[in-house]
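Please treat every number below as a calculation from the coordinates, not as lab data. Computed from a predicted structure; not experimentally measured. Because the Cβ atoms are built from the backbone with ideal geometry, glycine has one as well, and the counts that use them run over all protein chains shown.
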Amino acid sequence: MLADALEPYKGIVMWRAFVYEPEIDTDRVKRAYKEFAPLDGQFSQNVFIQAKNGPLDFQPREPIQPLFGSMPKTPLMLELQITQEYLGHSTHLVYLAPMWKEYFEFDTYVKGRGSPLSSVIDGTLHQYKMTGIAGVTNIGDDRNWCGHTFAQANWYAFGRLAWDHSLSAEQIAREWIAMTLSSDSSTISSIQSMMLGSWEACINYMTPLGLHHIMQPDFHYGPGPDHAIGREDWRSTYYHRADSFGLGFNRSSSGSKAVGQYFLPVRKTFNNISACPEKYLLWFHHIGWNKKLQSGHTLWEELCIRYYSGTNFVDTMISTWKSVEPSIDSEIFLHVQEKLQQQKKDAIIWRDTCLHYFQKFNNQPIFRLP
């Protein structure tokens with residue numbers, strides 16, 4: 001109806017695929033695919049289906065949304081989130097270009113090896129007549145527009161990648177730093193190291209190893225792994241499934257079968273506990289606390305290590321930022337320094353809240369590296 005009304009004026013419809021009606025499937029991450037993939041080819045020529053990068057909701061890390069590649073007759077538009085809804089809002093320094101590059105470069109295998117997400121959304125894989133990318137933004141009334149000076153970098157990265165997804169996160173960071181903070185090469189390198197490690201650090205102190213959706217339900221800011229009231233698929237316990245055996249949501253062929261929405265060999269890789277990338281492990285599998293991972297540590301030990309490495313990197317960012325003070329505008333320096341101090345407090349709260357909560361299920365001491 002909307003497409004027909006807009007067509008005489010060369011208008012287009014961007015229809016979001018963010019749906020989570022529980023009647024569609026008991027596993028929320030399967031619902032967008034199940035609702036939209038069967039409709040491929042039934043939309044008007046001036047309609048985009050706009051899907052988020054992952055199948056859930058802008059979590060610190062998700063596997064790719066399986067709709068991409070599964071609707072060859074319907075232009076698919078990628079929706080990214082510039083504002084950090086689940087990544088510390090405008091308080092935490094989290095550079096998002098590495099996240100977006102991870103998605104752009106993910107090989108869907110739609111037409112065999114060499115079918116990355118970028119080729120779906122730029123139209124080259126399925127010869128889409130329309131192509132597009134969307135960013136959910138965070139403009140406010142702050143003097144720096146974004147609430148955090150470094151959040152400006154994510155706006156810049158989105159714009160650069162929207163027009164050229166082959167650019168590296170490293171190059172984009174250097175460009176932004178030189179234009180915004182300092183032209184000194186040593187300073188640029190130091191700040192670049194902060195930015196490039198910040199996303200992985202945030203994942204580690206919030207939701208490592210594929211954990212997801214364990215934030216405070218109302219504010220999406222701090223940790224809430226114990227949230228267990230209200231609609232089931234809004235509860236943290238629905239997603240992490242912690243029990244005396246282990247942790248994680250079983251989406252393998254023996255669980256919700258969400259792996260079946262991906263193309264081979266991705267499906268086979270995600271389905272196999274031994275082959276599944278550990279960054280997605282607890283997204284697709286319920287793992288025993290004492291199962292040995294690639295590092296040689298048990299799941300519980302590795303979980304502890306990841307949480308502590310996340311908070312440790314915030315300390316590294318604080319010391320790095322202090323080292324570049326002579327090269328930075330004093331107002332900007334103090335602004336970022338204050339944000340980093342709060343980020344450290346928040347990261348420790350995330351780490352300790354989650355580890356102490358999960359510890360109740362395995363009764364093991366919190367593991368520290370020697």
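Summary of values
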quantity	calculated
Selection from 75, 308, 282 lying farthest towards where the dipole of the chain points positive, charges on Cβ	282
The stretch 125-172 versus the stretch 318-370: alpha-carbon centroid distance in Å	26
Potential extension, residue 245-residue 143 segment - 0.36 nm per residue separation minus Cα distance	31.7 nm
Nitroxide proxy distance, nm - points 7 Å out along Cα→Cβ at residue 369 and residue 175	3.4
Estimated distance in nm for a label pair at residue 309 and residue 291, the labels positioned 7 Å out from Cα along Cα-to-Cβ	1.9
For 202, 354, order by how many other beta-carbon atoms lie within 10 Å, fewest first	354, 202
All lysines inside 22 Å of residue 73 as judged from Cα atoms, apart from same-chain residues fewer than 8 positions distant	10, 30, 34, 52, 111, 129
Calculated diffusion of the stretch 2-180, Stokes-Einstein form, Kirkwood radius summed over Cα pairs, 4 °C and 1.567 mPa s, µm²/s	75
Taking 306, 113, 235 and counting other C-beta atoms within 10 Å, the order from fewest to most	113, 235, 306
Three principal axis lengths of the stretch 314-357 [C-alpha, angstrom, descending]	42, 16, 6
Bins of 10 Å from zero: percent of alpha-carbon pairs in the stretch 87-214	12, 36, 35, 16, 2
The chain: DSSP helices with Cα axial extent of at least 18 Å and average Kyte-Doolittle hydropathy no lower than -1.0	151-163, 185-206, 299-323, 330-362
Diffusion coefficient, µm² s⁻¹, Stokes-Einstein with Kirkwood Rh over alpha-carbon pairs of the stretch 224-334 at 4 °C and 1.567 mPa s	77
Length released on extending from residue 127 to residue 168, taking residue separation times 0.36 nm less the Cα-Cα span	12.3 nm
Percentage of interatomic Cα-Cα distances in the chain larger than 40 Å	15
For the chain, calculated [θ]222 nm from helices alone, where every DSSP H run of n ≥ 4 adds -39500 (n - 2.57)	-12000 deg cm²/dmol
Relative contact order, percent, the chain [alpha-carbon distance under 8 Å, six or more residues apart]	15
